[in-house]
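Right, one structure below, let's go through it.
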Amino acid sequence: MTDPIGLAVIGPGSIADAHLGAFEQIGGVAPLWSVGRTLEGARLFADRWGFAHFGVSAEDALADPKVSMVLICSPNALHAEQARGAILAGKDVLLEIPIAMSGADARELVELADATRRRLFALHTMRSFDGIRYMRNLLASGEDTISQIVGFFAIPRRNNEGFTGTRTWADNLLWHHACHLVDASLWVTESDGITNESLLQGRVHPEFGTTMDISMSFILNSSVLVTHALTYNASALCWQMRMVADRGDYLFDGGTLYGVNGEVLVAGVSVRDLRAQNSQILGGLRTREPTDFDARGVLPAMDSLDLLQKASHP
């Protein structure tokens, strides 16, 4: 029987709860360290999920020889630095989106993982959604061809709300939530980059300093037009991608994929159900086989975000 994988979590917040819920159902993971911004937060998370240790020092967790895998769910700007420390400590890393805040930093991190023979997984969860996988396979088969993708993402952030209450840090709308839509667009169409990029930025929150609205456009594979709009000025979560194809429109909406006649092609599960993603990653760790979440595979998305940021207009 395979020994459980020793896990440390850095950033015990809402998405970390979703990960631990998935691991609990999948099995094969031993929760060892909960590392948080505050001792109380780390302790509460440890008590909730049965971690053996908790604290505010990542160094203590990384020094534990029983820890072989580190899950990083901290604020966006800390991801690359914390992942670098975990890799240099000899750990495999599951890194929440975004893996870095620039294409160059992302590439440096991937190359470090390769050089040290550590596995680095980018948690681009849309790749695990059955409806998105269906569209990737459909287009790869040549059964249909798309000419346009229109995405819309909205989530309440007017008062920096999270799934479990007021947050202590603010997301970067481009590098976090837009990264989901940009990567999914590239992945579905098997594109390796964007052209003709443009980004419009709306209001900045007066207290939190984060951009609250963005709209972007670019072209994939010379002919596929892509437009994505995202907002934190929302009253409810909305997560959509409409793909305009030769046969008609396909709509991914909150986890469900609808076909060209409005029929349900793929019934959805919660977008916070991480079992499919995490199962594939654990399998890849044990077999050393490639996965859809290997960080090198998301570098085109990171480079694309670089281009969009440079092309931004207030």
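The values are calculated or read from the model by the stated rules, or taken from the named source; none is laboratory data. Note that the structure is predicted; figures quoted are calculated from it, not measured. Note that each Cβ is placed from the backbone with ideal geometry, even for glycine, and that neighbours are counted across all protein chains shown.
Taken over segment 252-261, the criterion of being buried (at least 18 other Cβ atoms within 10 Å of the Cβ) and closer than 25 Å to D213 by Cα is satisfied by F252, G255. Of all the listed residues (L88, L109), the sole one being in contact (Cβ under 8 Å) with a residue 12 or more places away in the chain and in contact with a Leu (Cβ under 7 Å, 6 or more places away or on another chain) is L109.
Here A104, A115, A83 are screened, and the one residue that is part of a helix (DSSP H, G or I) and crowded, with 21+ Cβ neighbours inside 10 Å is A83. For S235, the requirement of being among the hydroxyl-bearing types (S, T, Y), over 19 Å from the mean Cα position of the chain (by Cα), surrounded by 17 or more Cβ atoms within 10 Å (Cβ to Cβ) and farther than 20 Å from D144 by Cα is not met. Within segment 172-214, the set of residues being more than 19 Å from the chain's Cα centre (by Cα), crowded, with 16+ Cβ neighbours inside 10 Å and of a type in the set (G, A, S) comprises just one member, G202. Pairs meeting the criteria (first residue in segment 133-158 and without any contact (Cβ under 8 Å) to a residue 40 or more places away in the chain, second residue surrounded by 17 or more Cβ atoms within 10 Å (Cβ to Cβ), beta carbons under 8 Å, at least 6 apart or on different chains) are R133/R127. Applying the selection to segment 185-210, what residues are polar (S, T, N, Q) and outside any strand (DSSP E or B)? Within segment 185-210, S185, T189, S191, T210 meet the criteria.
Condition check for I97 on (1) within 30 Å of S235 (Cβ to Cβ); (2) not assigned by TED's automatic domain parsing to the domain that holds P290: one failure, at (2). S74 satisfies every condition listed in (1) loosely packed, with under 15 Cβ neighbours inside 10 Å; (2) closer than 21 Å to A100 by Cβ; (3) among the hydroxyl-bearing types (S, T, Y) except (1). Would you confirm, using the coordinates I've provided, whether R84 is closer than 30 Å to A178 by Cβ and out of contact with any helix residue (DSSP H, G or I) (no Cβ under 9 Å at 6 or more places or on another chain)? Criteria not met by R84.
Does G131 satisfy being assigned by TED's automatic domain parsing to the domain that holds L174, part of a helix (DSSP H, G or I), closer than 27 Å to L174 by Cα and small (G, A, S)? The answer is yes for G131. Just one of R43, R118 is over 18 Å from V298 (Cβ atoms) and among the basic types (K, R); which is it? Of the residues listed, the single one that is over 18 Å from V298 (Cβ atoms) and among the basic types (K, R) is R43. Considered as a group, the residues in segment 1-44 that are outside any strand (DSSP E or B) and of a type in the set (V, I, T) include one that is nearest to A276 (Cα to Cα), and that residue is I26. Restricting the search to segment 211-223, which residues are part of a strand (DSSP E or B) and touching a Ser or Thr at 6+ places or on another chain (Cβ under 6 Å)? D213, S217, I219, L220 - these are the residues of segment 211-223 that are part of a strand (DSSP E or B) and touching a Ser or Thr at 6+ places or on another chain (Cβ under 6 Å).
From the list V70, V110, the lone residue that is within 23 Å of L20 (Cβ to Cβ) and outside any loop (DSSP other than H, G, I, E, B) is V70.
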